[in-house]
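J.: There's a structure below that I have some questions on.
The values are calculated or read from the model by the stated rules, or taken from the named source; none is laboratory data. Predicted, not measured: the structure shown is a model, and the values here were computed from it. Here the Cβ positions follow ideal geometry from the backbone for every residue, glycine too, while neighbour counts run over all protein chains shown. These area figures cover heavy atoms from the full protein model, side chains too; ligands, DNA and RNA do not enter into them. Shrake-Rupley method; radii C 1.70, N 1.55, O 1.52, S 1.80 Å.
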Amino acid sequence: MNDRKRRGRSRRLALLMGGALAAATAVVGANDPALASAALNPAVAPGGNFDLSVWELQLPIGSPGSPTTIGPSQLKGPNGYSNPAYFWTDKNDGSMTFWDPEAGVTTPNSNYARSELREMNPNGSAADWSLSGTHTLSARLRVVSVTSSVCVGQIHLGSGGSSTKPLLELYYHANGDVVLGLENSPTGGQTPHTLANVPLGAQWSYAIAIVGGKIQVTVNGQATTYPIAAGFSAYHQYFKAGDYNQSSSTSTSNGPKVKFYALTVAHN
């Protein structure tokens, strides 16, 4: 083999090896919290790492039936709101961390406590978008502890009727199953769909979207599509994300902990 052919072969091998290395690094980064959180600053409030200007936080404290909420203006920025018990930046990996106890304060329409974000508009009003267009909530996260199950993402019904139900909820179960709960109608009843299994403590990703009048849910790159029942067409929607516990008791120490490494919302 002459020198020119040898050099050409070496370049091709280098390109192939470089591509393989990049792919391997991407896979490792998706599963290694230390790598995936490299851009997160552990020294700031959650609002310093995440755009919380379009979220309101509900906490598991307050008076019965009236949980405490923290608005976007208080959440945003590196000096924004944090709470060492329920909502804080992890000092080791920079993640936005949520926790709530089984005995926490709940809303009037739920028996379960939550430390959860509710989508807002940039002007501070409550988000309330129609099913037309494309709407996407994307997240990268880890569930560190869980009692029975925890809801980590929702599309919830807004204006358009009297229902207080979600359109869908994405759950992480204690056995590692990631389960989509699709509401059968605005009056209630959910159909579960198991989408993946993720070991406790492992990092994973999801995207919950309305695309072309249908529901599209992607977990770790695997997408599934579902129709929207006719009864929901009159309703507007909004996203929720965080730690919505799915069990209750008198315990003030038992509860799930969820850590987010990425959280974005897009509307087109």
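J.: So how many residues does the stretch 70-89 have that are open to solvent by 30 Å² or more (accessible area, probe 1.4 Å) and either in contact (Cβ under 8 Å) with a residue 40 or more places away in the chain or charged (D, E, K, R) (or both)? Working first, answer last.
T.: First pass over the stretch 70-89, keeping only residues open to solvent by 30 Å² or more (accessible area, probe 1.4 Å): 73-74, 76, 78-79, 81-82, 84-86, 88.
Next, only the ones that are either in contact (Cβ under 8 Å) with a residue 40 or more places away in the chain or charged (D, E, K, R) (or both) stay: 73, 76, 88.
Here the count works out to 3.
J.: So is G18 surrounded by 13 or more Cβ atoms within 10 Å (Cβ to Cβ) and either at pLDDT below 95 or outside any helix (DSSP H, G or I) (or both) or not?
T.: Working: surrounded by 13 or more Cβ atoms within 10 Å (Cβ to Cβ): no; either at pLDDT below 95 or outside any helix (DSSP H, G or I) (or both): yes.
It is false that G18 is surrounded by 13 or more Cβ atoms within 10 Å (Cβ to Cβ) and either at pLDDT below 95 or outside any helix (DSSP H, G or I) (or both).
J.: Do you know which of the residues in the stretch 96-132 that are polar (S, T, N, Q) and outside any loop (DSSP other than H, G, I, E, B) is farthest from D243 (Cα to Cα)? Walk me through how you get there before you give the answer.
T.: Within the stretch 96-132, the subset polar (S, T, N, Q) is 97, 106-107, 109-111, 115, 121, 123, 125, 130, 132.
In the following step, the residues that additionally are outside any loop (DSSP other than H, G, I, E, B) were identified as 97, 115.
Numbers: T97: 9, S115: 5 Å.
Filtering the stretch 96-132 for residues that are polar (S, T, N, Q) and outside any loop (DSSP other than H, G, I, E, B), the one farthest from D243 (Cα to Cα) comes out as T97.
J.: From P108, P122, grab the single residue that is out of contact with any Gly (no Cβ under 6 Å at 6 or more places or on another chain), closer than 20 Å to T69 by Cβ and surrounded by fewer than 17 Cβ atoms within 10 Å (Cβ to Cβ). Step through it out loud before you land on a result.
T.: On the way: P108 fails: out of contact with any Gly (no Cβ under 6 Å at 6 or more places or on another chain).
From the options P108, P122, the qualifying one is P122.
J.: Also: Inspect all residues belonging to the stretch 167-185 and state whether any of them is in a loop (DSSP other than H, G, I, E, B), open to solvent by 10 Å² or more (accessible area, probe 1.4 Å), at pLDDT 95 or above and of a type in the set (S, T, Y). Can you show your working first?
T.: So the first thing to find is which residues in the stretch 167-185 are in a loop (DSSP other than H, G, I, E, B), and the list is 174-176, 184-185.
In the following step, the residues that additionally are open to solvent by 10 Å² or more (accessible area, probe 1.4 Å) were identified as 174-175, 184-185.
From what is left, the residues that are at pLDDT 95 or above are 174-175, 184-185.
Then drop every residue that is not of a type in the set (S, T, Y), which leaves 185.
So far as the stretch 167-185 goes, yes, one or more of its residues are in a loop (DSSP other than H, G, I, E, B), open to solvent by 10 Å² or more (accessible area, probe 1.4 Å), at pLDDT 95 or above and of a type in the set (S, T, Y).
J.: Would you list the strands (runs of 3 or more DSSP E) that sit entirely within the stretch 202-264 and hold 1 or more residues that are open to solvent by less than 20 Å² (accessible area, probe 1.4 Å) and under 19 Å from S185 (Cα atoms)? Working first, answer last.
T.: Values: elements: 203-211, 214-219, 222-226, 237-245.
Here the list reads 203-211, 214-219, 237-245.
J.: Scan the stretch 161-199 residue by residue and report those that are aliphatic (A, V, I, L, M) and within 16 Å of the chain's Cα centre (by Cα).
T.: Our first condition is that a residue be aliphatic (A, V, I, L, M); within the stretch 161-199, this holds for 167-168, 170, 174, 178-180, 182, 195-196, 198.
Within the stretch 161-199, L167, L168, L170, V178, V179, L180, L195, A196, V198 qualify.
J.: For the stretch 54-91, name all the residues that are more than 20 Å from P256 (Cα to Cα), out of contact with any strand residue (DSSP E or B) (no Cβ under 7 Å at 6 or more places or on another chain) and in a loop (DSSP other than H, G, I, E, B).
T.: If the condition is that a residue be more than 20 Å from P256 (Cα to Cα), out of contact with any strand residue (DSSP E or B) (no Cβ under 7 Å at 6 or more places or on another chain) and in a loop (DSSP other than H, G, I, E, B), then P64, G65, K76, G77, P78, N79, G80 are the ones that fit.
J.: Can A229 be described as small (G, A, S) and more than 19 Å from F260 (Cβ to Cβ)?
T.: Yes, satisfied.
J.: What are the pairs with Cβ atoms under 6 angstrom where one residue, in the stretch 159-175, is more than 20 Å from L141 (Cβ to Cβ) and touching a residue at least 60 places away in the same chain (Cβ under 8 Å) and the other, located anywhere, is open to solvent by 30 Å² or more (accessible area, probe 1.4 Å) and in a loop (DSSP other than H, G, I, E, B)? Sequence gap at least six, or different chains.
T.: Going by the 6 Å Cβ cut-off, the qualifying pairs are S159/D128; S159/H236; G160/A234; G160/H236; G161/A234.
J.: Let me ask you something else. Is there a residue in the stretch 23-43 that is touching a Pro at 6+ places or on another chain (Cβ under 8 Å) and either on the phi < 0 side of the Ramachandran plot or at pLDDT 95 or above (or both)? Write out each step before concluding.
T.: As a first pass, look at the stretch 23-43 and keep what is touching a Pro at 6+ places or on another chain (Cβ under 8 Å): 41.
In the following step, the residues that additionally are either on the phi < 0 side of the Ramachandran plot or at pLDDT 95 or above (or both) were identified as 41.
Yes, the stretch 23-43 contains a residue that is touching a Pro at 6+ places or on another chain (Cβ under 8 Å) and either on the phi < 0 side of the Ramachandran plot or at pLDDT 95 or above (or both).
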